[in-house]
Amino acid sequence: MCLLPFLGYAQFDDDEKGIVAIGFDYDIEGVEPVDAEMMTFRLYDYEHYLKQSMVWKKQTEAKPHDASAWLNYFRYSRYTCFFDYEIDRDSLLTSIVDDMGKVIPDTYVYNTCKYFIRNTEDGLNEYAEKALKQLPAKMTFFDYDTWYCYLRTKKDKSEYEPFGKEYLASGLYSQELIKHNMNELDGLAKNAIYVGNGDATVIPKWLIADAMGKHRDKLVLCYPYLQDPEYCKRIFNALGIGEVPQHEGEFEYYEDYQNYIKSIIMTIAERTGRELYFSKNNGEDINDLWFGDLYDEGLVFHYSPKEIDAMKMKKHNYEKVYDLSYLLQPMGDNAWNTDKRMCVQMIPSFGDLLSYYKANDKKRYSELYSMLSHALERSKDIIDESDLDYFNDILNGEFE
């Protein structure tokens, strides 16, 4: 999925062809290559991504016509950029794709990687269109995820809905994330607008609508995509709400850019008269823009310039709407790290409700405490010690 723009650049060591920024030198002797598809299930640290990018670079040198090696090299290098803002992302990835084009031109992998470094501001991406005609017979999570997002933002329902159905039917997508996102949608008002920032909060909701035919009345907006004028234009045209708010010239400060995106969201909400909700995973830099008007209703924030009895709504959602029974089940061996992160976030989300029930409803307290305790147990392997203490404090009523 598209991410927010990277800020900050640095030069590269020409001898490393853009892979290692000046000042970095890692020993990769004995490091085994790990297929980048594992990034679907696990989060790694910066050093892992950097070392793997270097390992796969050596693989491409040993087997220059191995498309799989090139894709792994590209994907690990791209993730390295997510961790280090001093890396010149454009120069690094362009260098890799240029080298790739010399040995495997006009292939699915080449066109896919070229798409990632050559997004067009208007219309369709020529390399994406080529790649879509070269899809592998057996697609991976990465393939489905990449092209579902592209189709969902560039095409119409006749193309993205069948693809979404195929994606969900493949069995590759996390059923736990689907359940979590279904709960979020179940708690929204009819015809609501939902703003998410990240794969785990946007893609599952699109799949629920396209592949399951549920919650089609909801408008799910991908926050980073709102920087794309064509994406915004398509939304405004589909809703019949006039022109997209315009901004002249470059943004001098990042805050100006954020406020412009905010104006687009507010315009959609005001012109349609729909209730507006935000993911809890958008990040502080986004949610802070709406500070004072966001109300915690359980799994989502509800925007309202008028005061809302958020505790009443949270109780209602927990008691009448959400189905959290899956938290009592053990996680499978193939559980994603994202599943576990979303799972453990239930604890701060319902911590105040736990305290309320402890004082007013012992039965509900026991039920919720059991669910949240299981949520913590399911996610312990990805939680560091300080966070574990924080979550235990909430469960024990020592942190509110």
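The values are calculated or read from the model by the stated rules, or taken from the named source; none is laboratory data. Just so it is clear, the model here is predicted, and its values are computed rather than measured. Don't worry about glycine lacking a Cβ; one is built from the backbone with ideal geometry, like all the others, and counts go over all protein chains shown. Note: accessible area is taken over every heavy atom of the protein model, side chains too, but ligands, DNA and RNA are not part of it. Shrake-Rupley method; radii C 1.70, N 1.55, O 1.52, S 1.80 Å.
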Picked from the stretch 359-398 (must be touching a helix residue (DSSP H, G or I) at 6+ places or on another chain (Cβ under 6 Å) and farther than 23 Å from GLU319 by Cα), the residue surrounded by the fewest Cβ atoms within 10 Å (Cβ to Cβ) is ILE382
Of the residues in the stretch 262-300, those that are surrounded by fewer than 18 Cβ atoms within 10 Å (Cβ to Cβ), touching a Gly at 6+ places or on another chain (Cβ under 9 Å), within 18 Å of ILE235 (Cβ to Cβ) and not hydroxyl-bearing (Ser, Thr, Tyr) come to ARG271
Wholly inside the stretch 124-186, helices (runs of 4 or more DSSP H) that include 1 or more residues that are open to solvent by 70 Å² or more (accessible area, probe 1.4 Å) are 126-132, 157-169, 175-186
If we keep only residues of the stretch 377-400 that are aromatic (Phe, Trp, Tyr) and under 27 Å from the mean Cα position of the chain (by Cα), then the residue nearest to ARG364 (Cα to Cα) is PHE391
Is there a residue being outside any loop (DSSP other than H, G, I, E, B), open to solvent by 60 Å² or more (accessible area, probe 1.4 Å) and either at pLDDT 95 or above or not polar (S, T, N, Q) (or both) anywhere in the stretch 336-347? yes
Checked against (1) buried (at least 19 other Cβ atoms within 10 Å of the Cβ); (2) charged (D, E, K, R); (3) not in a helix (DSSP H, G or I), LYS205 satisfies every condition except (3)
Checking LYS233, LYS320 in turn, the sole residue that is free of Cβ contacts under 8 Å to residues at least 40 places away in the same chain, open to solvent by 60 Å² or more (accessible area, probe 1.4 Å) and under 16 Å from GLU184 (Cα atoms) turns out to be LYS320
Scanning the stretch 242-292 for residues that are in contact with a Ser or Thr (Cβ under 6 Å, 6 or more places away or on another chain) and either without any contact (Cβ under 8 Å) to a residue 12 or more places away in the chain or over 19 Å from LEU188 (Cβ atoms) (or both) gives PRO245
With the first residue restricted to the stretch 381-392 and required to be without any contact (Cβ under 8 Å) to a residue 24 or more places away in the chain, and the second required to be assigned to a helix (DSSP H, G or I) and open to solvent by 60 Å² or more (accessible area, probe 1.4 Å), Cβ contacts under 9 Å at 6 or more apart or on different chains are LEU388/LYS380
Matching residues in the stretch 47-84 (open to solvent by less than 40 Å² (accessible area, probe 1.4 Å), modelled with pLDDT under 90 and under 24 Å from ILE383 (Cβ atoms)) number 0
Within the stretch 105-116, residues out of contact with any Ser or Thr (no Cβ under 9 Å at 6 or more places or on another chain) and surrounded by 17 or more Cβ atoms within 10 Å (Cβ to Cβ) come out as THR107, TYR108, TYR110, ASN111, CYS113, LYS114
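Please verify whether ASN191 is touching a strand residue (DSSP E or B) at 6+ places or on another chain (Cβ under 9 Å), touching a residue at least 60 places away in the same chain (Cβ under 8 Å) and surrounded by fewer than 19 Cβ atoms within 10 Å (Cβ to Cβ), treating the condition exactly as stated.
So ASN191 passes the test.
Results for (1) of a type in the set (S, T, N, Q); (2) over 23 Å from PRO33 (Cα atoms), shown as yes or no for each residue.
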residue	(1), (2)
ARG75	no, no
ASP90	no, yes
ASP99	no, no
THR107	yes, no
PHE116	no, no
TYR127	no, yes
